[in-house]
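Before any comments, here is the structure.
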Amino acid sequence: MDNMHNVKNVNIDRIKEVAKSHGITMTFLCNSIGKYRTFLAAVRLGKDHIDINELSIIADKLNTTVEYLTDQTDDPAKPAEKEKPDAITDAEQAEFDLRFSRLSPERQDFVLRLLELALAEQEKEEREKGEDVRQPPKQPE
């Protein structure tokens, strides 16, 4: 991963503290981002680097924010969700991006074609039901 996405000011002690308070191990966090068991210790020692996608996944696992884990705020709470309830979180998007980037170019193309087929099928079904396919589904009031 290139250096422009690496996070330089991550507070590993804060990650460790929050993880411990949630009963989560550092090994679990390392595994959740596809890294080796002592990855976060290596980041702390400057022997490895964490990127923003990986840190976002860790923040989500710890139910906090990247800003808290990088000392940009002292408030560990996530802001209230303003998005629709079924929207994916930034951490979920980052985790998807990380997994997708690990696929070979051929498999990435396959996944994209599959996505296009699924969307085309969904749009066809919605047209048959008379729904506007460009509008998001209506939320219950």
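Condition check for LEU103 on (1) under 15 Å from the mean Cα position of the chain (by Cα); (2) more than 20 Å from ARG14 (Cβ to Cβ); (3) not small (Gly, Ala, Ser); (4) not in a helix (DSSP H, G or I): one failure, at (1). Of the residues making up segment 16-60, those that are in a loop (DSSP other than H, G, I, E, B) and more than 19 Å from ASN6 (Cβ to Cβ) are HIS22, GLY23, ILE24, THR25, ARG37.
Out of ALA91, ALA59, ALA77, ALA42, one residue alone is within 19 Å of ASN11 (Cα to Cα), surrounded by 16 or more Cβ atoms within 10 Å (Cβ to Cβ), modelled with pLDDT under 90 and among the small types (Gly, Ala, Ser). It is ALA91. The requirement of being under 22 Å from PHE100 (Cα atoms) and of a type outside the set (Gly, Ala, Ser) is fulfilled somewhere in segment 9-28, by at least one residue.
The values are calculated or read from the model by the stated rules, or taken from the named source; none is laboratory data. Values in this document were obtained by computation on a predicted structure and should not be read as measured data. All Cβ positions, glycine included, derive from the backbone under ideal geometry; neighbour counts span all protein chains shown.
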